[in-house]
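Worksheet: one structure, shown below.
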Ligand code: BG6
């Protein structure tokens, strides 16, 4: 068989349902800029940069970010040109309520109204997320997610958003990756307030879960007819071998990093093994009967899945010092699977089938909850070196990354998964917390010297994919 014949026989067409959501995701702090303008109050990122600028890649703050606050009209026009039918943004809590509570900032109401209206006018459905890592500083000073009072301020903020924008927004999300502020802020020192304390981390996690349930309750009380969900970063946990000890280690990692949020959000309960483990570590938060009932009752309508990488787990080979304060890694070790494919820029394994395993797990064990891929993407450092003479970035690696993941999404769909869409992280290169502009993720490149945008090759490839509602590969 010659090569051409061979090619024609192996190429497959991946068609998606006609109402599939295609688009991208972003967040307020990472894109808006105008951090000290428009009446916005400081959040923990503004503050952390002020006190420790050297913790941020190249010393770049979020004060300008990708200038979305000023360029949203052109950016939305570009999303339209690239075929988006949906886009996820987040509201900056400290823009709407400069101190996190009390008086609303009218300039923020005006800004988000303009953004939402512009999206709708462009035929792009706004998916709105309420919390993407950006606690108002004034509330962090009151204890942040460790404080019950802050949970109640969050619920008031959520309610205000539903009242202000719910006539036009039909997809709401309570949190993006709520485990990340727990890990970053209270376990591994990559978010403010840079605490390392398992018990406090669990309290933060518990309050985030409770706040999500209470926001869902507030949404249902409005009698609006949209859907409300949560966005979780899921990291399938694969054991090194089928030995009982490796499997048990992977099981524990799954409970701690996935099921800790997935079970309460979708099923309304916590895994019994998690409760046991927290009791053993004297880290079980006090959970009143009323809270338990709220978590049980107010589960999500829809789940967003952020998928970047799996976890490769093996049994703990060297026992931790019994006097060392408890950390999740006392229960298992990570291992590097030989031959694995890597995004070397980010240091993350690329394992496309992971997305299928997540979707299959949701279908089999979580009532086939309505879901979508809310983030997936490839961060690359120094993308400039892929710039062609015509000025565009030839990011074939990103096209390949997306296509290979979509093949597995398609396979899950064929088997009956309730997956409704795919959003890339992200629309345009943006400011990524302490990594600032190190890794570029966008379909659209941003030149930070003058804030101009250039569509990358992948952006046009995605536009074509949306037009065809599928691709060949
Ligand atoms: C996701 C977050 O976890 O990862 C985004 O939701 C973040 O906010 C993205 O920007 C990429 O992170 P990084 O650190 O690779 O730039």
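The values are calculated or read from the model by the stated rules, or taken from the named source; none is laboratory data. The structure displayed is predicted, hence computed values, not measured ones. Cβ placement follows ideal geometry from the backbone for every residue including glycine, while neighbour counts extend to all protein chains displayed.
Go through the stretch 84-104 and give me each residue that's surrounded by 19 or more Cβ atoms within 10 Å (Cβ to Cβ), assigned to a loop (DSSP other than H, G, I, E, B) and touching a helix residue (DSSP H, G or I) at 6+ places or on another chain (Cβ under 7 Å).
91, 92, 97, 100 - these are the residues of the stretch 84-104 that are surrounded by 19 or more Cβ atoms within 10 Å (Cβ to Cβ), assigned to a loop (DSSP other than H, G, I, E, B) and touching a helix residue (DSSP H, G or I) at 6+ places or on another chain (Cβ under 7 Å).
For the stretch 432-449, what are the residues that are part of a loop (DSSP other than H, G, I, E, B) and within 8 Å of the ligand (Cβ to nearest atom)?
432, 438, 441 - these are the residues of the stretch 432-449 that are part of a loop (DSSP other than H, G, I, E, B) and within 8 Å of the ligand (Cβ to nearest atom).
Any chance you could count how many residues in the stretch 220-232 are away from the ligand (no atom under 16 Å from the Cβ) and either modelled with pLDDT under 95 or surrounded by 22 or more Cβ atoms within 10 Å (Cβ to Cβ) (or both)?
Adding up the residues that qualify gives 1.
Given the residues 183, 163, 217, which is the only one that is within 16 Å of the ligand (Cβ to nearest atom) and assigned to a helix (DSSP H, G or I)?
Answer to the check: 183.
Are any of the residues in the stretch 369-379 closer than 26 Å to residue 56 by Cα, within 13 Å of the ligand (Cβ to nearest atom) and touching a helix residue (DSSP H, G or I) at 6+ places or on another chain (Cβ under 7 Å)?
The answer is yes, given that some residue of the stretch 369-379 is closer than 26 Å to residue 56 by Cα, within 13 Å of the ligand (Cβ to nearest atom) and touching a helix residue (DSSP H, G or I) at 6+ places or on another chain (Cβ under 7 Å).
Return yes or no: is residue 275 in contact with a strand residue (DSSP E or B) (Cβ under 7 Å, 6 or more places away or on another chain) and either closer than 30 Å to residue 377 by Cα or surrounded by fewer than 18 Cβ atoms within 10 Å (Cβ to Cβ) (or both)?
no
Would you check if there is a residue in the stretch 344-351 being crowded, with 18+ Cβ neighbours inside 10 Å, near the ligand (Cβ under 10 Å from one of its atoms) and over 18 Å from the mean Cα position of the chain (by Cα)?
No: the stretch 344-351 contains no residue that is crowded, with 18+ Cβ neighbours inside 10 Å, near the ligand (Cβ under 10 Å from one of its atoms) and over 18 Å from the mean Cα position of the chain (by Cα).
Tell me which residues, restricted to the stretch 186-204, are in a helix (DSSP H, G or I) and either free of Cβ contacts under 8 Å to residues at least 60 places away in the same chain or closer than 20 Å to residue 48 by Cα (or both).
Correct list: 186, 200, 201, 204.
I need the full set of residues from the stretch 288-298 which are out of contact with any helix residue (DSSP H, G or I) (no Cβ under 7 Å at 6 or more places or on another chain) and surrounded by 12 or more Cβ atoms within 10 Å (Cβ to Cβ), in order please.
Correct list: 292, 293, 296, 297.
Out of everything in the stretch 14-33 that is assigned to a loop (DSSP other than H, G, I, E, B) and surrounded by fewer than 20 Cβ atoms within 10 Å (Cβ to Cβ), what residue ends up being nearest to the ligand (Cβ to nearest atom)?
If we take residues in the stretch 14-33 being assigned to a loop (DSSP other than H, G, I, E, B) and surrounded by fewer than 20 Cβ atoms within 10 Å (Cβ to Cβ), then 20 is nearest to the ligand (Cβ to nearest atom).
Please verify whether residue 411 is away from the ligand (no atom under 15 Å from the Cβ), touching a helix residue (DSSP H, G or I) at 6+ places or on another chain (Cβ under 6 Å) and at pLDDT 95 or above, treating the condition exactly as stated.
yes
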